[in-house]
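Take a look at the structure below.
Nothing in this text is a laboratory measurement; each read-out follows from the coordinates by a stated rule. Here the structure is a predicted model, which is why all the values come from computation and not from measurement. Heads up, the Cβs are rebuilt from the backbone with ideal geometry, glycines too, and the neighbour counts pull from every protein chain shown.
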Ligand SMILES: [Fe+2]
């Protein structure tokens, strides 16, 4: 029972409520005005999905003045026509955000620039004489409008028909009603507090909290990494063992905000439980329970998940994470573009987007990450995952299978004499594993419509020519699979060798780019190597036992869209 996923949910809401409470305190504290009404449309931080709402309100309150203010924090990181409308008690439209434009009463205002690429902080002051708008701390427009009546209730309705699975709290991160207009000073201060919080990737204010709750990465036969981040330096005790009560523990005295704790000295092929008890200035955060299996050294059956391009849709990633969990894989591969552009200065893409969708899964299923162009500087990649090397390429083994992880954003190393080319050749030469699988982000072969030339007007390169310089190694050492993402759709090739279909000795190329990125599409013609295409969100599950492997791919509803079996 204790390993049942639902028991995580019994713990997580407490932490979740704490975070919400702290966030509420923080937002209330940004204004000295009384009678302020602020609604936090919270982070979707659980796999249950039942926190999602598409309509909010009506929020009722006493207000006799026709002068008031509304404040919004918006995260708009999708390319679709999405938004929301705010109406008063008579159904009169006060404000609308839709596809990068703001409409106030009957006037449409071109929205200003976003901050951190995808966020907007908007304050609208409603006066009897007109309207004043502050966007990202700056006054953008000031205009006359219809007479505004006193507002006693507000209802917010999401507009998400063009974006599968998206709901209001995925976009509107906070909303406030103020019974009088905000001063320029107050709205600037509110913006500054917001941007500082975002800059730090913080989910709440100054009170102790997890920015990234503890999760599992990089399992080997003898170890696993447990990593997490708090807003203030923390100490911790990590207890672990084969059953409860947990017999072993590691005390972490060194205070850090990001903790990277390798649990070592474990036994191969063994089920473990762990619990992380974190303290900040003597205050205990809620304990986090984990479970995982170490890699078996002997040949035994195992299962792993395969996804790529989680990017900008936590609401999609949450669904995919739940499906992966239903399969109880031993670990899962995340083949790059973990974020859309989560380089050093964009920590918010990790904390508000990636971990929001995937953290719960990673408390029970360790992740094997691959860096994509979105994560190419490896800054947060190395800090959060603590991989075996800091260069983005490494090998790991599970049972009778060797996995070779490449850092394909450094594709200048993908040719004879290049660092990764030479490393891979050396590793493949030494490998005695029954199955050899290469993991990277970019595509050696792809039927994508426009990344490698415009396929609607003529032939394309059918993949990245620089990445394809590694193919001779895959051929020479009979690599069984090459798995990647980057293009946001699903494609499986026929087994290929010497740039031809070879069903006996070829390498199968599997592109599984269908997690939370914006979906892409295929060329109009069937390409010579293609065995299956699918446009839609998806995930794959691989089952390996001795000389057989089977890979099943499912769409986001859990329906099978492709399978592939290979025997040796
Ligand atoms: Fe990519």
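General observations
- The spacing between the stretch 229-264 and the stretch 491-544, judged by their C-alpha centroids, is 41 Å.
- Contact order relative to length of the chain, as percent, for alpha carbon pairs under 8 angstrom and 6 or more apart: 11 percent
- Rounded FRET efficiency, nearest 0.05, which uses the C-beta distance separating residue 456 from residue 566 and R0 of 35 Å: 0.55
- Rounded to 5, the percent of DSSP beta bridges in the stretch 299-567 classed as antiparallel: 65 percent
- Euclidean distance between Cα centres, the stretch 268-292 to the stretch 451-470, Å: 47 Å
- Extension gain (nm, one decimal) between residue 466 and residue 521, 0.36 nm per residue minus Cα-Cα: 17.6 nm
- Calculated FRET value between residue 195 and residue 140, using beta carbons and R₀ = 22 Å, to 0.05: 0.85
- Seen against the Cα atoms of the chain and their longest principal axis, helix 184-199 is set at about 10 degrees.
- Cα shape, the stretch 301-417, gyration tensor, a/c 1.5 rule: oblate
- Using C-alpha pairs under 8 Å with a sequence gap of at least 6, the mean separation divided by the residue count of the stretch 435-485 gives a relative contact order of 57 percent.
- Counting DSSP beta bridges with both ends in the stretch 349-505, the antiparallel % (nearest 5): 45 percent
- If R0 is 25 Å, the Cβ-Cβ spacing of residue 419 and residue 377 corresponds to a FRET efficiency of close to 0.90.
- Label point 7 Å beyond Cα of residue 478 along Cβ direction - residues of the stretch 504-530 with amide nitrogen under 18 Å: 504-509
- The stretch 208-298 - convex hull of alpha carbons, volume per residue in Å³: 79 Å³
- Between the helical axis of 419-430 and the longest alpha-carbon principal axis of the chain there is an angle of about 50 degrees.
- Considering only alpha-carbon pairs that sit under 8 angstrom and 6 or more positions apart, the relative contact order computed for the stretch 208-298 is 32 percent.
- Going from the residue with the fewest nearby Cβ atoms within 10 Å to the one with the most, 526, 121 rank 526, 121.
- Projected label distance in nm at residue 129 and residue 345, using a 7 Å step from Cα toward the beta-carbon: 3.9 nm
- Prolate/oblate/rounded label for the stretch 349-473 (Cα gyration tensor, a/c 1.5): oblate
- Antiparallel content of DSSP bridges confined to the chain, in %, to 5: 85 percent
- Length gained on full extension, residue 223 to residue 157, computed as 0.36 nm times the residue gap minus the Cα-Cα distance: 18.9 nm.
- For the chain, the longest principal axis of the Cα atoms and the long axis of helix 5-29 meet at an angle of about 40 degrees.
- Projecting the alpha carbon convex hull of the chain along each direction and taking the average yields 26.8 nm².
- Solution diffusion estimate, µm²/s, Stokes-Einstein, the stretch 279-355, Kirkwood Rh from C-alpha pairs, 20 °C, viscosity 1.002 mPa s: 143 µm²/s
- Multiplying the residue separation of residue 106 and residue 207 by 0.36 nm and removing their Cα-Cα distance gives an extension gain of 32.2 nm.
- Packing-based exposure ordering (other Cβ within 10 Å, fewest first) of 171, 358: 171, 358
- Mean ellipticity per residue at 222 nm, deg cm²/dmol - from DSSP H runs of n ≥ 4 across the chain, formula -39500 (n - 2.57): -5000 deg cm²/dmol
- Pair residue 328, residue 264: separation of 7 Å Cα→Cβ label points (nm): 3.2 nm
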